[in-house]
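Below is one structure, written out as structure tokens, with a few remarks after it.
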Amino acid sequence: MGLYAMTGGATGIGAAIKDRLLAEGHEVIVIDIKNADIEADLSSDEGRENANSELAKAASEGLDGFIACAGVGSHVTPPSLITRVNYFGAVASIQGARDLVAKKNGSMVIVSSTSAVLDHDENYVELLEQGKEAEACAAADMLDGITAYGGGKCALTRWMRKHCIECAAMGVRMNAIAPGFTETPLNIAAASSPEYADAIAQYKASIPVGFVGMPEDQAAATCFLLSAEARYVCGTILFVDGGSDALMRPTKF
């Protein structure tokens, strides 16, 4: 069976992806801030470098796949922490794993969000895309958490789309899933926040299929994109959201 690596495999969607891969008989190397095979803080350059270095040692013969799942929610303060982990930490980990995945002509999946396709503060998104971490973090701290989170996911998804072609030339398929509301510890914490509780409750009530997603739903979509069954899928964003994106943007796809 295969060898996979992922960031953010300790809880929530990441844990569900890890459990599904293990149930399928694969080995999984988890990178996370705690309770992981490789413990690293992806909010810092030092932590990112350590994660990539340790992964290179642990998977020197290559990876069958990599999942960039580590992230913090919109309720986290300061908003610049969202920026550091969700965008810069994700990009650094993908870049660190890419050559390892290429050794086995594997695939990569980025965990994005339905918020990636909504309206954003374009100045903030541009700073992210330009790789200006200090300036982007300063801009994030002038925004609310929801705007910082959504803008980060937008920039990350754009990064995937821009780089999937060069990855394909290396034999690596790269795609993203865009989860809608999913019952995870991160979202439960946000839903209990006085600042976001009402908005999240309204969003949950609007989901067209009539129920909220579970981490296992996101894991199923991720493992499909990682698999040989998705061999012709490259550069796509798979919405796993119960129809919420179609509800909000019926004429855009």
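Taken together, the values in this text are just the output of simple stated rules run on the coordinates, not laboratory data. From a predicted model like this one, the values you see are computed outputs, not experimental measurements. Neighbour counts run over all protein chains shown; Cβ positions are idealised from the backbone, glycine included.
Of everything listed in (1) in contact with a helix residue (DSSP H, G or I) (Cβ under 6 Å, 6 or more places away or on another chain); (2) farther than 17 Å from Gly242 by Cβ; (3) not aromatic (Phe, Trp, Tyr), the single unmet condition for Leu226 is (1).
Within region 212-222, if we keep just the residues that are crowded, with 18+ Cβ neighbours inside 10 Å and not β-branched (Val, Ile, Thr), the residue that is nearest to Ala246 (Cα to Cα) turns out to be Gly213. Within region 128-148, does at least one residue satisfy the condition of being out of contact with any His (no Cβ under 7 Å at 6 or more places or on another chain), assigned to a loop (DSSP other than H, G, I, E, B) and either aromatic (Phe, Trp, Tyr) or within 27 Å of Ala15 (Cα to Cα) (or both)? Scanning region 128-148 turns up no residue that is out of contact with any His (no Cβ under 7 Å at 6 or more places or on another chain), assigned to a loop (DSSP other than H, G, I, E, B) and either aromatic (Phe, Trp, Tyr) or within 27 Å of Ala15 (Cα to Cα) (or both).
Looking only at region 236-253, residues that are buried (at least 16 other Cβ atoms within 10 Å of the Cβ) and either of a type in the set (D, E, K, R) or not in a loop (DSSP other than H, G, I, E, B) (or both) come to 7 in all.
A quick yes/no check of all residues on (1) surrounded by fewer than 24 Cβ atoms within 10 Å (Cβ to Cβ); (2) touching a Leu at 6+ places or on another chain (Cβ under 7 Å):
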| residue | (1), (2) |
| --- | --- |
| Ser113 | no, no |
| Gly131 | yes, no |
| Ala136 | no, yes |
| His163 | yes, no |
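Only one of the numbered conditions (1) over 22 Å from Lys104 (Cα atoms); (2) buried (at least 17 other Cβ atoms within 10 Å of the Cβ); (3) of a type in the set (Gly, Ala, Ser); (4) in contact (Cβ under 8 Å) with a residue 40 or more places away in the chain is not met by Gly151, and that is (4).
In the set Val209, Val233, which member is in a loop (DSSP other than H, G, I, E, B), aliphatic (A, V, I, L, M) and exposed (fewer than 13 other Cβ atoms within 10 Å of the Cβ)? Criteria check complete, one pass: Val209. Just so you know, in region 169-206 the residues that are without any contact (Cβ under 8 Å) to a residue 24 or more places away in the chain and in a loop (DSSP other than H, G, I, E, B) include one that is surrounded by the most Cβ atoms within 10 Å (Cβ to Cβ), and it is Ser192. The residues on offer are Ala16, Ala59, Ala23, and the sole one that is under 19 Å from the mean Cα position of the chain (by Cα) and of a type outside the set (Ser, Thr, Tyr) is Ala16. Which residue pairs have Cβ atoms closer than 6 Å, lie 6 or more positions apart in sequence or on different chains, and pair a first residue in region 35-59 that is farther than 16 Å from Asn86 by Cα with a second residue that is surrounded by fewer than 18 Cβ atoms within 10 Å (Cβ to Cβ) and of a type in the set (A, V, I, L, M, F, W, C)? The qualifying pairs do not exist here.
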